[in-house]
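Below: the structure, in structure tokens.
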Amino acid sequence: MNIELNIEKLVFGGDGLGFIDGKAYFVEGALPGERVLARITNDKKNYGKARLIRVFEPSPERVTPPCPYIQACGGCQYQHLHYENELRWKEAQVRESFLKGFGDSVPPIRPIRRSPKELGYRQSITLHRTVKTNQKPHRLAFIGRDNYSFVFIDNCLLADEALKTVFASEHALGKYESKRIFKVERGKGIVSSEEDRLYRVLLENELLWGHSRGFFQNNLGVTEMVAKELSEIIRDINPSRFIDLYAGVGTFSILSARKVPELCCFEESIYAIDCLKRNLKERNLSAAIFKGRVEQTFPNFWLGNREEGTLIFLDPPRLGITRELAEFFSKAEKISDIVYLACDLQILIRDLRILLSKGRYQITSVVPFDMFPRTKHLEVLARLKRV
């Protein structure tokens, strides 16, 4: 079924929002101020989702997407919008999300930090097997907008130039390998998840170890900006102990907290822990390293090591922290400051509501970072202080 409607605003995720007889419709690819024709793809009782067919009255903000694969791929939600306007809408979405989550208690939200690079910033890409489980070389592909078809491309505009050779090449995947991750090794080319080896990443003039099968931040320029913001918070708080939860290879402990008297790093990945130890050793830094799931190791540690002057830094995966860990923080004694870096805005709101539920903390600042330009994703840094 097709519908015709006016688009009022962009919502979190990048869809244009319009109404027909009071019912909300989220139209992929539509912009505020436009009158559009759209095809309903999912019709619920209280709302519907639709795909753009035609724009009758285009917005002055609309631009022609530079990517030739934009219709099939679906990885970018904002290529039809000038980058300055994308930033404006993303910041508005952060403000609206906090308003919905906290009402009159909305914390101070600072302007969004733009990425130094609008395109060509991704340091890794994931491509998927496109043939059945044989091990013959074949071209890999992105998963399409429909979540099941394959999209073969010659280049991704978001990817670092060094990754360009990966797209048109053929790759022989292992029998149980459904996808392969490719990463940039600065000055040496490409590493992939097929390999089991270390590689180097340059951040703020620091050469850090990463692992071909482990995690590392994708946008190095914005990662440096986050590290500088965290450094300023640390200087302001002047903690005696920095606890890095989901520490990874130690990126933020090293870039931001190396001068704190005591470092404690909690990490589950064996690949990350190996890199973390190497990165600390090369800089003659000492840290207590706790291996295992943060949700288990940290509460046990804290109950026997509660100290004033401790800054907790949370940088969890996209799913955020567990409800149990959030509730532990909400009731824990002697934690004076928490800094939470989230890569999913709605998950952050969920977790912050639990952290604040016992009245022990207040949010003193929120800083959005455009870690993933041209896509719906961004990262948000929230600072909490004990009341």
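Does L119 fit the bill of being surrounded by 13 or more Cβ atoms within 10 Å (Cβ to Cβ), aliphatic (A, V, I, L, M) and in a loop (DSSP other than H, G, I, E, B)?
yes
Under 6 Å by Cβ, and 6 or more places apart or on different chains, what pairs join a residue from region 55-77 that is farther than 20 Å from F12 by Cα with one that is among the charged types (D, E, K, R) and outside any loop (DSSP other than H, G, I, E, B)?
Pairs found: F56/R35; E57/R35.
Looking only at strands (runs of 3 or more DSSP E) that fall completely inside region 1-94, which ones have 1 or more residues that are within 23 Å of the chain's Cα centre (by Cα)? Steps first, answer last, please.
Values: elements: 2-10, 16-20, 23-28, 35-43, 47-57.
Answer list for region 1-94: 2-10, 16-20, 23-28.
Can you say whether I125 is part of a strand (DSSP E or B), surrounded by 16 or more Cβ atoms within 10 Å (Cβ to Cβ) and in contact (Cβ under 8 Å) with a residue 40 or more places away in the chain, as far as the supplied structure shows?
Working: part of a strand (DSSP E or B): yes; surrounded by 16 or more Cβ atoms within 10 Å (Cβ to Cβ): yes; in contact (Cβ under 8 Å) with a residue 40 or more places away in the chain: yes.
Judged against the criteria, I125 is a match.
Answer with yes or no whether V151 is among the β-branched types (V, I, T), closer than 18 Å to S212 by Cα and in contact with a strand residue (DSSP E or B) (Cβ under 9 Å, 6 or more places away or on another chain).
Here the answer is no, as V151 does not meet what is asked.
In region 333-382, what count of residues is obtained for those that are closer than 16 Å to P108 by Cα and either among the small types (G, A, S) or not assigned by TED's automatic domain parsing to the domain that holds I237 (or both)?
Number satisfying all stated conditions: 2.
Just the residues that are surrounded by 18 or more Cβ atoms within 10 Å (Cβ to Cβ) and in contact (Cβ under 8 Å) with a residue 40 or more places away in the chain, please, taken from region 179-202.
Those that are surrounded by 18 or more Cβ atoms within 10 Å (Cβ to Cβ) and in contact (Cβ under 8 Å) with a residue 40 or more places away in the chain: R180, F182, K183, V184, V201.
Looking at G18, G33, G13, G29, which is the one that is without any contact (Cβ under 8 Å) to a residue 24 or more places away in the chain and either surrounded by 14 or more Cβ atoms within 10 Å (Cβ to Cβ) or not assigned by TED's automatic domain parsing to the domain that holds I143 (or both)?
G18
Among I243, I270, which is in the same structural domain as R318 (by TED's automatic domain parsing) and closer than 17 Å to Y340 by Cβ?
Unique residue meeting the criteria: I243.
Restricting to region 85-128, name every residue that is of a type in the set (D, E, K, R), touching a strand residue (DSSP E or B) at 6+ places or on another chain (Cβ under 7 Å) and farther than 30 Å from Y199 by Cα.
Selection gives K90, E91, R95, R110.
Does N279 count as among the polar types (S, T, N, Q) and either touching a strand residue (DSSP E or B) at 6+ places or on another chain (Cβ under 7 Å) or modelled with pLDDT under 95 (or both)?
Yes, satisfied.
Somewhere in region 249-263, is a residue more than 19 Å from K334 (Cα to Cα) and of a type in the set (F, W, Y)?
yes
Here's a check for you: in region 93-136, which residue that is among the β-branched types (V, I, T) and closer than 21 Å to I181 by Cβ is modelled with the lowest pLDDT?
Residue satisfying both the conditions and the ranking: T133.
Name the residue, out of G214, G221, that is touching a Pro at 6+ places or on another chain (Cβ under 7 Å) and at pLDDT 95 or above.
Only one candidate qualifies: G221.
Give me the residue from region 216-258 that is aliphatic (A, V, I, L, M) and assigned to a loop (DSSP other than H, G, I, E, B) and, out of that set, farthest from I289 (Cα to Cα).
First pass over region 216-258, keeping only residues aliphatic (A, V, I, L, M): 220, 222, 225-227, 230, 233-234, 237, 243, 245, 247, 249, 254-255, 257.
Filter once more, keeping what is assigned to a loop (DSSP other than H, G, I, E, B): 247, 249, 257.
Details: A247: 9, V249: 11, A257: 15 Å.
Applying the filter and picking the extreme gives A257.
Would you point out the residue of region 260-282, among those that are closer than 15 Å to R235 by Cα and out of contact with any helix residue (DSSP H, G or I) (no Cβ under 8 Å at 6 or more places or on another chain), that is surrounded by the fewest Cβ atoms within 10 Å (Cβ to Cβ)?
P261
The values are calculated or read from the model by the stated rules, or taken from the named source; none is laboratory data. In this text the structure is predicted, and so the values were computed from the model without any measurement. So basically every Cβ, Gly included, is an ideal-geometry build from the backbone, and we count neighbours across all protein chains shown.
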